[in-house]
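The values are calculated or read from the model by the stated rules, or taken from the named source; none is laboratory data. Quick caveat: nothing in here was measured; it's all calculated off a predicted structure. Cβ placement follows ideal geometry from the backbone for every residue including glycine, while neighbour counts extend to all protein chains displayed. Protein only, heavy atoms only, side chains kept; ligands, DNA and RNA dropped before computing areas. Shrake-Rupley method; radii C 1.70, N 1.55, O 1.52, S 1.80 Å.
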Amino acid sequence: MSKTAAVFPVLPGKDASQVAAVLKGDPSGYVESRRRAGVHLERAYEMPTPMGTFLITYIESDGPFADVAAATAHSDLPIDRAFVAAIKEVHGIDVTLPPPGPPPEVLADWVDETVTARKRGLAFCVPLQPGAEAAGRAFAAEAYGRRAVELADSRRALGQSRELVCLNTSPNGQLIGVYTESDEPVEANRRFAASQTPYDVWFKDKCKSIFLPAVDFNVPLPPITEIFDSQEFLVAR
């Protein structure tokens with residue numbers, strides 16, 4: 001199973017829900033599209049930032065994200081052609097052309113194996129400081145690897161069951177896309193911002209060293225809008 005948290009800019013004056021409306025408008029076409037692409041779960045979130053608005057898409061699929069994108073870009077299904085056109089209009093990206101950079105790279109993937117049910121999702125993105133890629137990789141390896149037990153204790157205390165961290169490279173710099181699941185994602189984030197446990201304090205302090213100064217995880221995330229959740233289309237079938 002491949003997992004991806006991909007980040008896309010939303011052009012000024014555009015609304016990412018325009019793209020989601022294409023998928024919601026043809027449920028049977030959507031199911032066939034994602035069956036061909038090997039997609040099992042797809043969720044999308046729109047987030048305002050000082051750098052502009054971004055769409056963060058979370059996808060679980062049989063193959064890597066690049067294969068999913070290629071299957072959609074070259075599909076003959078009407079819904080896929082409409083989807084490709086909507087992406088170009090809203091995001092300014094022509095997915096029929098080779099991507100300008102590498103696909104999103106998973107830096108960390110934590111799942112609470114004691115939780116079997118899927119929970120509500122929340123995704124967000126944060127910009128890396130220029131030149132902080134190596135430091136970000138080292139942080140992910142420590143936080144989710146060497147200190148995995150502490151990470152699990154931290155996230156379970158928040159009621160969280162999943163966390164995926166992906167490095168996204170764009171012409172405007174590098175962004176980290178994060179996807180989480182919990183019973184109440186907004187409340188879990190608020191509690192994390194307020195937490196003073198040793199691990200959470202260390203985690204938030206390390207984030208200050210790799211992200212731009214405007215990023216402060218001691219403050220809850222801005223309002224993030226879920227614009228699409230494929231569960232009603234894919235999981236039920």
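Listing for the model above:
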read-out	value
Modelled FRET efficiency - R0 25 Å, Val219 with Asp112, Cβ distances, 0.05 increments	0.45
GNM result for the chain, Cα springs below 10 Å: residue of Thr96, Thr57, Thr116 fluctuating most strongly	Thr116
Distance in nm between pseudo-label sites at Lys88 and Val201 (7 Å out along the Cβ direction from Cα)	5.4 nm
Accessible area per residue, Å², the chain with all protein chains present, probe 1.4 Å	48 Å²
Gained length - Asp183 relative to His40, 0.36 nm times residue gap less alpha-carbon distance	49.4 nm
Full-stretch length increase - Leu11, Glu232 - with 0.36 nm per residue and alpha-carbon distance subtracted	76.7 nm
Cα-based shape type of the range 41-168, given that a ≥ b ≥ c are square roots of the gyration tensor eigenvalues and the cut on a/c is 1.5	prolate
Solvent-accessible area, 1.4 Å probe, carbon plus sulfur percent, for the range 105-157	54 percent
Among Cys207, Cys125, Cys166: highest mean-square fluctuation, GNM of the chain, C-alpha pairs under 10 Å	Cys207
Cβ-Cβ FRET estimate between Arg137 and Ala21, R0 fixed at 45 Å, reported to 0.05	0.75
Among Asn189, Asn218, Asn172: highest mean-square fluctuation, GNM of the chain, C-alpha pairs under 10 Å	Asn172
Furthest towards positive pole of dipole, Val201, Ser161, His74, structure part the chain, Cβ charges	Val201
Shape category assigned to the range 76-139 from the gyration tensor of Cα positions, a/c cut at 1.5	oblate
Residues of the range 33-51 with amide N under 12 Å of a point placed 7 Å along Cα→Cβ from Ala66	none
